[in-house]
Amino acid sequence: MKFFRKQSISLLLLALAAACVDERQPSDYEKFFIAYGTVISAPERSLFVVLDDKDTMLLVAESAIPLEFFKDEMRLIIDYSILEKAAPGEPYHYRARVNQAMEIATVEVNIAGDNAGDDPIAVENYWLARGFLTFKYSVRGTTFKHAINLALLPPPREEEDDPNEPFVALELQHDATGDPNNDSLTDLISFPLYKVFPDATDPIRLRISYNDPEKAGGKTTIEITYYPRATT
């Protein structure tokens with residue numbers, strides 16, 4: 001369980017400025033782009049960011065942010081500029097300059113299955129990238145001193161589902177900690193599923209439930225397939 005505060009970079013920028021790097025022309029290299037990504041700190045002290053979009057890998061050649069900020073496996077919203085395309089044979093796609101970055105809160109999955117709260121939470125988007133399951137969500141409150149948790153639930157009984165199509169049940173949980181529901185607050189959170197399924201070699205079907213404020217008297221369920229994390 002983790003508490004966190006309102007983020008300083010507007011999520012609206014992602015919708016306005018995100019672009020696919022594969023479509024850029026050389027004349028675009030001086031521009032900035034905003035994307036989601038994961039930090040990889042290599043043994044030789046090189047710093048990389050793997051973007052969620054097509055696993056595009058950036059070598060951080062320049063940074064306006066102290067390098068001490070970046071930690072291995074950190075999830076980010078990153079504002080970057082491309083300096084040049086990588087030479088053939090390099091293990092990355094572009095050399096880049098980091099202009100600005102914001103950490104996305106990352107919380108360990110609660111494998112004990114404890115209930116950390118059942119307050120409403122609206123899921124606006126969700127996706128898998130590099131073994132992380134990320135949610136863009138909104139809650140009602142005045143501050144971000146809320147607890148968001150993803151709990152691993154006990155396996156369902158066979159009569160509740162087709163035994164030939166097994167799935168792993170999870171629940172996205174929210175504890176508003178008594179915060180008055182005055183405003184709508186939007187944020188991001190990531191969960192490292194690769195730590196829950198470290199030895200997985202085959203895809204795993206996930207069924208995730210949560211208390212949807214738009215669905216009175218019941219929970220919404222979403223399904224997503226987890227593919228074992230590829231090594232870089």
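Throughout, read-outs are computed from the coordinates displayed, never taken from laboratory work. A quick note: this is a predicted structure, and the numbers were derived from the prediction, not measured. Every residue, glycine as well, gets a Cβ built from its backbone with ideal geometry; the counts of neighbours run over all protein chains shown.
Relative protection proxy for 182-191, 201-210, from highest mean packing down: 182-191, 201-210 (other beta-carbon atoms within 10 angstrom).
Rounded to whole numbers, the Karplus 3J(HN,Hα) couplings from phi for the range 219-229 are 10, 8, 10, 10, 10, 8, 9, 8, 9, x, 5 Hz, using 6.51 cos²θ - 1.76 cosθ + 1.60 with θ = phi - 60°, and x at Gly and Pro.
Measuring between alpha carbons in the structure, the pairs from LYS71/LYS219; LYS54/LYS219; LYS54/LYS136 lying more than 30 angstrom apart are LYS71/LYS219; LYS54/LYS219. Karplus-based coupling profile of the range 147-155, in residue order and whole Hz: 9, 10, 9, 10, 10, 7, 9, x, x, with θ = phi - 60° in 6.51 cos²θ - 1.76 cosθ + 1.60 and x standing for Gly or Pro.
The peptide list 211-217, 33-39, put in order of mean Cβ contacts within 10 Å with the highest first, becomes 33-39, 211-217.
Each label was represented as a point 7 Å from its Cα along the Cα-to-Cβ direction; for SER81 and LEU153 these points are 4.9 nm apart.
Amide H contacts for VAL109 (H built 1.01 Å from N in the peptide plane; partners 5 or more residues away or on another chain; cut-off under 5 Å): none found. Coupling constants for the range 48-54 follow from the phi torsions by the Karplus curve (6.51 cos²θ - 1.76 cosθ + 1.60, θ = phi - 60°), and in residue order they are 10, 10, 9, 6, 5, 6, 6 Hz; glycine and proline get x.
For GLU108 and GLU90, the difference between the fully extended length at 0.36 nm per residue and the C-alpha to C-alpha distance is 3.2 nm. For the range 106-226, the dipole from Cβ point charges (+1 on Lys and Arg, -1 on Asp and Glu) about the Cα centre works out to 420 debye, to the nearest 20. With the highest mean first, a sort of the peptides 83-90, 115-122, 46-53 on other beta-carbon atoms found within 10 angstrom per residue produces 46-53, 115-122, 83-90.
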